[in-house]
Structure formats: structure tokens, C-alpha cells
1. For a 30 Å ceiling on Cα separation, which of these pairs sit above it: LYS40/LYS117; LYS37/LYS155; LYS155/LYS177; LYS56/LYS123; LYS80/LYS173?
2. Under 15 Å from a point placed 7 Å out from the Cα of LYS104 along the Cα-to-Cβ direction: which residues of region 165-180 have their backbone N that close?
3. At 222 nm, what helix-only mean residue ellipticity would the chain give, in deg cm²/dmol to the nearest 500, using -39500 (n - 2.57) for each DSSP H run of four or more?
4. Could you state the principal axis extents of the C-alpha atoms in region 29-183, from the largest down, to the nearest angstrom?
5. Multiply the residue separation of VAL167 and PHE43 by 0.36 nm, subtract the distance between their alpha-carbon atoms, and state the gained length in nm to one decimal.
6. How are the alpha carbon pair distances in region 1-81 distributed across 5 Å bins from zero to the largest one, expressed in percent?
7. Only helices at least 27 Å long along their axis, Cα-based, and averaging -0.5 or more on Kyte-Doolittle count here, so list those DSSP H runs from the chain.
8. For LYS161, list the aspartates and glutamates whose Cα falls under 14 Å from its own Cα; do not include residues on the same chain fewer than 8 positions away.
Amino acid sequence: MRIAVFISGTGTNLKSLIDAQKNNEFNSTIELVISNKDAKGLFHGLNANIPSLVVKNDEEILEKLQEYNIDFIVLAGYLKRVSETILNNYENKIINIHPSLLPKYGGKNFYGMKVHKAVFENKDEVSGVTVHYVDENLDSGAIILQREVSIVDCKSPIEIKDKVLEVEHILLKEAIKKVEEEQ
Ligand code: GRF
């Protein structure tokens, strides 16, 4: 697959995919990085000589996806809702990583640290990671992989975030491999 990774933040999941590609952990290639803003994580793409662009308008994103012959999209901390235009052109070809055990802590109020704060406040002992297909509703598409993370020893939402993020870096590349095998 020719993959585009969409990011909005630090891009550590992007970095882990770039490293996984280098180590031949999957067959796909990351051909494009797109961000809706001047995200810190863009430098990971640029360092790896991957075209890494800030594109805010979805019509323009679609043009770029077509220009680079992208056939699969990975949302890795992309905080903007993907429009119908893109969804219709990439049906069952877009996946997202979410830092909780969906359907728990999913939906419009749960993103980034908000997830980990809620998990911490509820005194949960287990959190986790979900990689799922993207459909027209938020965090609701079919689950590809899900993994639990024990957080009994975590003393703050930040500690939960760090522990969950480590597992995200593993699960996302595994999910890509799984999708490749299924196609
Ligand atoms: C991750 O926790 C991801 O699950 C969420 O946003 C965060 C992005 O982290 N959707 P990074 O930009 O990959 O470091």
C-alpha cells in the first residue's frame, strides 16, 4: 500500500511507522505526510525525505492524495474530522489510532490528554489502545486491533499517556501488517 499519514501533533506514531518501514516490518511505504497545521511532528517526515505538507482544505488534501497515488490513510493523532469527500474516496482505506479501549472513552469529548485524564479520574486499573477503521461517525468503525495496558502503577494522567503511547507505537505497525495480510 502507498500510505499517507495524517498528524496534528508531536508525530511519535509517525516516527515509529517510519522506523518500522526501515526495518521491513511491513511492506507498505509511507509516501506522504499531511498535517492540518504546522505540527511539530512534520520534521519526522521531512527527516525521512517524505513529502510532508500542511494542507488545511480537504479538497486540496484529496488532490495531494491523488497526486501521490495514495491508496491507504493512517490517522496518527490527526485532530481534524475527515470530511465526506475523503471518506467516499477511501472507503475502508482509512484507519485511526485511539488511546483507549474503545468504545470506552471514545467520541467527540475524548481526544489526547482528555482521554487519559478521564481514565485517571475514574481510577481505572486498565486502559489501552485501539486501531480501527474510520467511518462517518467518530471512533466507531470496525476494530482492527486492541490491546490492554495495565495502569495500576500510574500516578498521573501523563504517566498513563506515556505508558499507553509506548503500546500505540507497537500496535499501529501491527495493524498495518494485519491490514496488508487481509487484502
Ligand atoms: C496519540 O495518543 C494518538 O492515539 C492520539 O493522539 C496522540 C498522538 O501522538 N490520537 P503522536 O502525535 O503520535 O505523538
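1. Going by Cα-Cα distance, LYS37/LYS155; LYS155/LYS177; LYS56/LYS123 fall outside the 30 Å limit.
2. none
3. -11500 deg cm²/dmol, from helical runs alone.
4. Principal extents (largest minus smallest coordinate, Cα): 47, 31, 28 Å.
5. Fully extending the segment from VAL167 to PHE43 adds 42.4 nm.
6. Per 5 Å bin, starting at 0, the Cα pair percentages come out as 3, 17, 31, 27, 16, 5, 1.
7. 157-182
8. The reachable aspartates and glutamates, counting only those whose Cα sits under 14 Å from LYS161, are GLU121, ASP124, GLU125, GLU148, ASP153.
None of the figures in this text is laboratory data; all of them are computed from the coordinates on show. Being a predicted model, the structure only gives us computed values, none of them experimental. Methodologically, a virtual Cβ is constructed for each residue, glycine included, from the backbone with ideal geometry; neighbour enumeration extends over all protein chains shown.
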